[in-house]
Each structure stands twice: as C-alpha cells, then as structure tokens.
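Here's the structure we're looking at; comments come further down.
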Amino acid sequence: MSEPGHTIVYAIYYLIPHLEKFDVRELVIHNWPIIEWKYYAVAVVYALIYSGIFLGGACLIFRRKALH
C-alpha cells in the first residue's frame, strides 16, 4: 500500500480498541492454566483507559448540546 493510505490504515489500526485481548475462549476450551494476574491487570487498565477516552469524548460532545 502506498503513502498516505499506509499511514492512515496503521493509525486507525492502533486507535481502535483491540477486543481480542479479552477473548479467553481458547484458553478455557483447551484447558490452559489460569491467566496470570499481571496480564489480567494490563487488560483491566487497557479497558479503563479506553472507557475513559470514550466517556471523556462523549462529555465534550454533549457538554454544549441542549438535551430537551
């Protein structure tokens, strides 16, 4: 892919949330050991950061709108 499309696609890829971090179906199905706490903590912090970004954005958008 040529520029600027390459840069745009990579920017979108790194900006959208990666929900595969929360998919533990294969771990359960194949009877893998319990997930270590450090990975769990990283996933929770990741979710909190994205939630904060989206909630903060929503607050900024709806701050000036009349909700009648």
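If you check every pair at least six apart or on different chains, which have Cβ atoms under 8 Å apart with a residue in the stretch 33-47 that is free of Cβ contacts under 8 Å to residues at least 24 places away in the same chain first and a residue that is of a type outside the set (Ser, Thr, Tyr) and assigned to a loop (DSSP other than H, G, I, E, B) second?
35/24
Please return the ranges of helices (runs of 4 or more DSSP H) entirely within the chain where 2 or more residues are of a type in the set (Phe, Trp, Tyr).
5-15, 37-62
Report, by residue number, each residue of the stretch 1-34 that is among the acidic types (Asp, Glu) and either in contact with a Phe, Trp or Tyr (Cβ under 7 Å, 6 or more places away or on another chain) or under 25 Å from residue 51 (Cα atoms) (or both).
Correct list: 20, 23.
Tell me whether the stretch 7-15 contains one or more residues that are touching a helix residue (DSSP H, G or I) at 6+ places or on another chain (Cβ under 8 Å) and at pLDDT below 85.
no
For the stretch 12-39, what are the residues that are over 14 Å from the mean Cα position of the chain (by Cα) and surrounded by 10 or more Cβ atoms within 10 Å (Cβ to Cβ)?
Result: 24, 27, 32, 35, 39.
The values are calculated or read from the model by the stated rules, or taken from the named source; none is laboratory data. In this text, all values refer to a predicted model and were calculated from it rather than measured experimentally. For neighbour counting, all protein chains shown are included, and Cβ atoms are generated from backbone atoms with ideal geometry for every residue, glycine included.
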